[in-house]
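The values are calculated or read from the model by the stated rules, or taken from the named source; none is laboratory data. Predicted model only: the values in this text are computed from it and were never measured. So basically every Cβ, Gly included, is an ideal-geometry build from the backbone, and we count neighbours across all protein chains shown. Side chains included, ligands, DNA and RNA excluded: accessible areas come from the protein's heavy atoms. Shrake-Rupley method; radii C 1.70, N 1.55, O 1.52, S 1.80 Å.
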Amino acid sequence: MRDVIIIGCGVVGAACAYQLSRYKLRTAVLEAGSDVAAGATKANSAILHAGYDPEPGTLMARLNVTGVSMAEEICWKLDVPYRKNGSMVLAFSGKDRDCLRELMNRGERNGVPNLRLLTGEEARLLEPELSREVVEALLAPSAAIVNPWEYALAMAETAVRNGVELYRNCRVTAITREKGGFAVTAGDKVFHGKYIINAAGVHAGTVHQLVREPRFTIRPAKGEYYLLDKCEGTRVSRVIFQCPGAAGKGVLVSPTVHGNLIVGPTSEPSGLEDVSNTAKGLQTVRELAARSVPGIRFRENIRNFTGVRAGSDRGDFILGEAPGVPGFFNAAGICSPGLSAAPAIAEYLMEQMAGRGLALEKKEAFIDTRRRVRFHELDREGRNELIAKDPRYGRVVCRCETVTEGEIVECLRQPIPPTSINGVKRRVGAGMGRCQGGFCGPRVQELLAREIGVRPEEIPLEDAESYILTGETKEHLF
């Protein structure tokens, strides 16, 4: 019997596992996909929001500000790329100016530090590429950017190092009440637990349905993005927003921690897993972004992608014990600012569970550090020392991002090793650059097959059925 079963290992599920692993508990995480952080966590704006947007008094407001503060320390401890670069919201009209004052008022009530209104001229002194039409801006220095999937992965890896069990390819299909807790069926496995955390993202309503009709409705919305090459990465130094509307925070322009420029998203109602890009959606991104930063060169685009956000009919995070289902706790409706709030959401749920009888006794020994080699960040002396110890670090596999064979092999030795080419990409960056894996993809596939001990055609791009090779040609057809 586990003490806690977490369903879903996006950033919220990973944060819950990370926080619970500090205590003498038996915790299991059941992830439907082949990897952690492979849903909304990998396809978002990568922004840790300051917290001026949520309505004061909501869980979103409270946990956003707390979570973004916690994130800085977590990223430092777990060696996750993070940069506190601040954000700006732009005003183009008198109506937008009113919006900025409302956001500033909300932010001050929410506890966001050091908010400041700037004139258009002051804003352009900080960000020279801004449009001449900008008449005012709200500056929020506490906003940050992060590598979102490594943030989740780092917390999940640390949880596993501290005794949490992670099961991938483990989609939950049934939950039944039993004496002392729940029986959770996932494929041919049955897990028994005293408490459940439903962190299933866009599928949170479906999971809740397994125990009782939910009192909320998940309303997924898709957002389309451009990811531009590093030659555009210095176009702005902060996260640039427009005034938010009914559809959300709008199209942003932001650097990434990898040195690229990200532009987007749109916001359209969608299916649970509709990650398609559309000509209309991408045109909308270009047009709206150009209003903020007219000089963006979209021809430097290296990838388009879409993320699906798990909005709901509540307008706030849905956190806590489900009515009529003692021991079943929801972390549902986690749309923006879910990435920002994730560690605070985990703490909030732990407090709720402790109030319902979960015993939280801290471990005497808890591993709360993580370090990984990033070859491209080392100086010449550091590189030479590393190569002397292990020659595999002298063999560059991904030329765009300078990722070595040593880094790829090392990520396979970690508590949550990749099983796909995209899994390697998320861990070490091979395939993240200009050619998007066109050069290094086959070599990554070869290394995975060699290290795991399978045939190359058994290595997928992402999930189990996304095979790249289906076999070897035996005869010439022509």
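Observations, loosely collected:
- Members of region 1-31 found to be assigned to a loop (DSSP other than H, G, I, E, B) and over 17 Å from Arg309 (Cα atoms), listed by number: Met1, Ser21, Arg22, Lys24, Leu25, Arg26, Glu31
- Look at region 460-471: where a residue is surrounded by 13 or more Cβ atoms within 10 Å (Cβ to Cβ) and a partner is among the hydrophobic types (A, V, I, L, M, F, W, C) and modelled with pLDDT under 90, sitting 6+ places away or on another chain with Cβ atoms under 9 Å, you get Pro460/Ile468; Leu461/Ile468.
- On inspection, Leu228 qualifies as at pLDDT 95 or above and either more than 18 Å from the chain's Cα centre (by Cα) or of a type in the set (Gly, Ala, Ser) (or both).
Matching residues to (1) of a type in the set (Gly, Ala, Ser); (2) closer than 19 Å to Ala332 by Cα; (3) touching a Ser or Thr at 6+ places or on another chain (Cβ under 8 Å):
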residue: Val134; (1), (2), (3): no, no, yes
residue: Val146; (1), (2), (3): no, no, no
residue: Thr158; (1), (2), (3): no, no, yes
residue: Asn169; (1), (2), (3): no, no, yes
residue: Thr185; (1), (2), (3): no, no, yes
residue: Gly201; (1), (2), (3): yes, yes, no
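- Selected residue (criterion: farthest from the chain's Cα centre (by Cα)) from residues of region 148-169 that are part of a loop (DSSP other than H, G, I, E, B) and crowded, with 20+ Cβ neighbours inside 10 Å: Asn162
- Subset of region 288-311 [in contact with a strand residue (DSSP E or B) (Cβ under 8 Å, 6 or more places away or on another chain), open to solvent by 20 Å² or more (accessible area, probe 1.4 Å) and assigned to a helix (DSSP H, G or I)]: Leu288, Arg291, Phe298, Glu300
- Residue list for region 209-224, filter: touching a helix residue (DSSP H, G or I) at 6+ places or on another chain (Cβ under 7 Å) and more than 30 Å from Gly327 (Cα to Cα): Glu224
- If you go through region 270-281 and keep only what is open to solvent by 20 Å² or more (accessible area, probe 1.4 Å) and in contact with a strand residue (DSSP E or B) (Cβ under 6 Å, 6 or more places away or on another chain), you end up with Ser270, Leu272, Asp274, Val275, Asn277.
- Condition broken by Leu130, with the remaining ones in (1) buried (at least 16 other Cβ atoms within 10 Å of the Cβ); (2) in contact with a Gly (Cβ under 9 Å, 6 or more places away or on another chain); (3) outside any loop (DSSP other than H, G, I, E, B) satisfied: (3)
- Scanning region 328-357 for residues that are open to solvent by less than 10 Å² (accessible area, probe 1.4 Å) and hydrophobic (A, V, I, L, M, F, W, C) turns up Phe328, Phe329, Ala331, Ala332, Ala341, Ala342, Ala344, Ile345, Ala346, Leu349, Met353.
- Any chance Ala61 is out of contact with any Phe, Trp or Tyr (no Cβ under 8 Å at 6 or more places or on another chain), buried (at least 24 other Cβ atoms within 10 Å of the Cβ) and not acidic (Asp, Glu): yes
- Hits in region 103-158 - residues which are within 17 Å of Gly86 (Cα to Cα) and of a type in the set (Asp, Glu): Glu108, Glu122, Glu127, Glu129, Glu136
- Meets criteria (part of a strand (DSSP E or B), β-branched (Val, Ile, Thr) and either at pLDDT 95 or above or within 25 Å of Ala43 (Cβ to Cβ) (or both)) for Thr185: yes
- Residue within region 238-246 that is at pLDDT below 95 and open to solvent by 70 Å² or more (accessible area, probe 1.4 Å) present: yes
- Considered as a group, the residues in region 191-227 that are among the β-branched types (Val, Ile, Thr) and under 24 Å from Gly355 (Cβ atoms) include one that is surrounded by the most Cβ atoms within 10 Å (Cβ to Cβ), and that residue is Ile197.
Residue-by-condition table, conditions (1) touching a residue at least 40 places away in the same chain (Cβ under 8 Å); (2) surrounded by fewer than 24 Cβ atoms within 10 Å (Cβ to Cβ); (3) not hydrophobic (A, V, I, L, M, F, W, C):
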| site | (1), (2), (3) |
| --- | --- |
| Met1 | yes, yes, no |
| Ile6 | yes, no, no |
| Gly13 | yes, no, yes |
| Lys24 | yes, yes, yes |
| Ala32 | yes, yes, no |
| Asp35 | yes, no, yes |
| Ala40 | yes, no, no |
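- Here region 402-426 is the region considered, the condition is being open to solvent by 30 Å² or more (accessible area, probe 1.4 Å) and without any contact (Cβ under 8 Å) to a residue 40 or more places away in the chain, and the residue that is farthest from Arg370 (Cα to Cα) is Thr402.
- Qualifying position, being under 19 Å from Leu252 (Cβ atoms), out of contact with any His (no Cβ under 6 Å at 6 or more places or on another chain) and surrounded by fewer than 19 Cβ atoms within 10 Å (Cβ to Cβ), among Arg109, Arg124, Arg97: Arg124
- When region 109-132 is filtered for residues that are touching a Leu at 6+ places or on another chain (Cβ under 9 Å) and either in contact (Cβ under 8 Å) with a residue 24 or more places away in the chain or of a type outside the set (Asp, Glu) (or both), the ones remaining, listed by number, are Asn114, Leu115, Arg116, Leu117, Leu118, Gly120, Ala123, Arg124, Leu125, Leu126, Leu130, Ser131.
- Selection within region 64-94 - small (Gly, Ala, Ser) and either open to solvent by 10 Å² or more (accessible area, probe 1.4 Å) or in a helix (DSSP H, G or I) (or both): Gly67, Ser69, Ala71, Ser93, Gly94
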